[in-house]
Amino acid sequence: MSIKFVRIEFQSDLYAQAIELRHAVLRQPLGLAFSPEQLAAEHDQLHFGMLGGDDLLACVSVMLLSPTTAKIRQMAVDATRQGRGIGSNLLCRVELELKSMGVECIQLHARETARRFYERLGYTATGERFTEVTLPHIKMTKTMVTC
């Protein structure tokens, strides 16, 4: 199967698929749902995904905090496709996109269960553990000049 990196336009059909994927992987297991306000706030964010044929295999959103700093949000890989490098590939492609835009530093809030995934990709934990969406998280950063 050929896998393709794509930019997802806000409120497109592909964006709707990304919302479904994020809900299934990140929210539903916690008994949470997206509010209309949360989704509306994503209009000025960047959205990316990995397509396998017509199927959205993985997605991520990016919030630009400044011209040189971005925050990775809501990274999700289809549960049946995890562990195959799709998420790593997606994040590396997103990093290249951000670097080409002048982003020098990427931040994210990693679930403790995903910490090792991000560490393998060069992210460093900063600060103490905290609770977000009912789960322990850690803030992580990566400086793009080392990419």
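Points worth noting:
- Equivalent ellipsoid, region 63-114 (semi-axes from 5 times Cα gyration tensor eigenvalues, Å): 23, 13, 7
- In terms of accessible area, using a 1.4 Å probe and ignoring ligands and nucleic acids, Ser61, Ser12 rank largest first as Ser12, Ser61.
- Around Met50: net Lys/Arg minus Asp/Glu count, Cβ-Cβ under 12 Å: +3
- Cβ charges +1 (Lys, Arg) and -1 (Asp, Glu), total dipole of the chain, debye: 560
- Of the labelled figures (i) 1.25; (ii) 0.99; (iii) 2.44, only one reflects Cα Rg over 2.2 N^0.38 Å as derived from the coordinates, namely (ii).
- Ile86 accessible area, assembled protein chains, probe 1.4 Å, Å²: 10
- Value of [θ]222 nm, deg cm²/dmol, for the chain, DSSP H segments ≥ 4, -39500 (n - 2.57) each, nearest 500: -7000 deg cm²/dmol
- Accessible area (Å², 1.4 Å probe, nearest 10) - Glu112: 50
- Our coupling estimate for region 38-52, obtained by passing each phi through the Karplus curve with A = 6.51, B = -1.76, C = 1.60 and θ = phi - 60°, is 4, 5, 4, 5, 8, 4, 9, 9, 9, 10, 9, x, 10, 9, x Hz, Gly and Pro reported as x.
- With all projection directions averaged, the alpha carbon convex hull of region 85-130 covers 3.5 nm².
- Of every Cα-Cα pair in region 22-83, the percent that sits beyond 19 Å: 38
The values are calculated or read from the model by the stated rules, or taken from the named source; none is laboratory data. Quick caveat: nothing in here was measured; it's all calculated off a predicted structure. Glycine gets a Cβ as well: all are built from the backbone with ideal geometry, and neighbour counts include every protein chain shown. Ligands, DNA and RNA are stripped out before the accessible areas are found, and what is left, the full protein with its side chains, is counted by its heavy atoms. Shrake-Rupley method; radii C 1.70, N 1.55, O 1.52, S 1.80 Å.
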